[in-house]
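The values are calculated or read from the model by the stated rules, or taken from the named source; none is laboratory data. Treat the numbers as computed from the prediction; the structure is a model and nothing was measured. Ligands, DNA and RNA are stripped out before the accessible areas are found, and what is left, the full protein with its side chains, is counted by its heavy atoms. Shrake-Rupley method; radii C 1.70, N 1.55, O 1.52, S 1.80 Å.
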Amino acid sequence: DARPLVLVSPTTTPMAQPAEPVIRAAAGAVATMPVRALFTLGQILAPATLPAAENIVYTDFVPHSAVLPHVAAAVSQCGHGTTMAALREAVPLGCFPKFGDQKGVAARGARLGAGIVLSDRPDAGEGRRALEAVLGDPSFREATQRLSVVLCEEDGAGVAADEIEAAGGSLKTV
């Protein structure tokens, strides 16, 4: 199947409930697009309650490492895990931040050209326009490719460990 694959991946934790309207809008958008879509829903939403279409697959969980290398675009709440995994694989993002630091993560990604931030309550039309943009405008893929190079060359765990060790003298134990 030569159609591009779109991953719709809200958090798979119980905090996914605020994402339900966005998931429904994304399903409505991709159902009418020439794409294949994989939705990871966790245990919160039942696939039977979501729109059915021949190009949509709903599942509880798929490891990002198994699917992101094959994805043309991802729709996410922009938690750190999903965002960093997508950017490492040079996957442009449709962002629908809902809480916590997700708005900041989404805004930074959009500012760097890696994706588009959707409104708090997007409808299928907005979702479709965002996906058409990140799939059709090569600047999004180019931006994520530049970011991927930086992220893959950086030793984030090593840098974090060095920072923790450097702060160790000022840390107090209980």
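For the reader, a short list of remarks on this structure follows.
- Summed over all non-identical Cα pairs, the Kirkwood treatment of the stretch 1-118 gives a radius of 14.0 Å.
- The stretch 111-174: translational diffusion in µm²/s, Stokes-Einstein, Kirkwood Rh over Cα pairs, 25 °C, 0.890 mPa s: 162 µm²/s
- Taking a quarter of the surface of the Cα convex hull of the stretch 57-174 gives a mean projected area of 9.8 nm².
- Net lengthening on full extension, ALA46/ALA157 (0.36 nm per residue, minus Cα-Cα): 36.4 nm
- Calculated accessible area for the stretch 1-151 comes out at 45 Å² per residue, all protein chains present (probe 1.4 Å; ligands, DNA, RNA ignored).
- Nonlocal amide H pairs with VAL8, under 5 Å, H built at 1.01 Å: LEU38, PHE39, THR40, VAL75
- Atom-type composition of the exposed protein surface of the stretch 59-174 places 56 percent of the accessible area on carbon and sulfur (1.4 angstrom probe).
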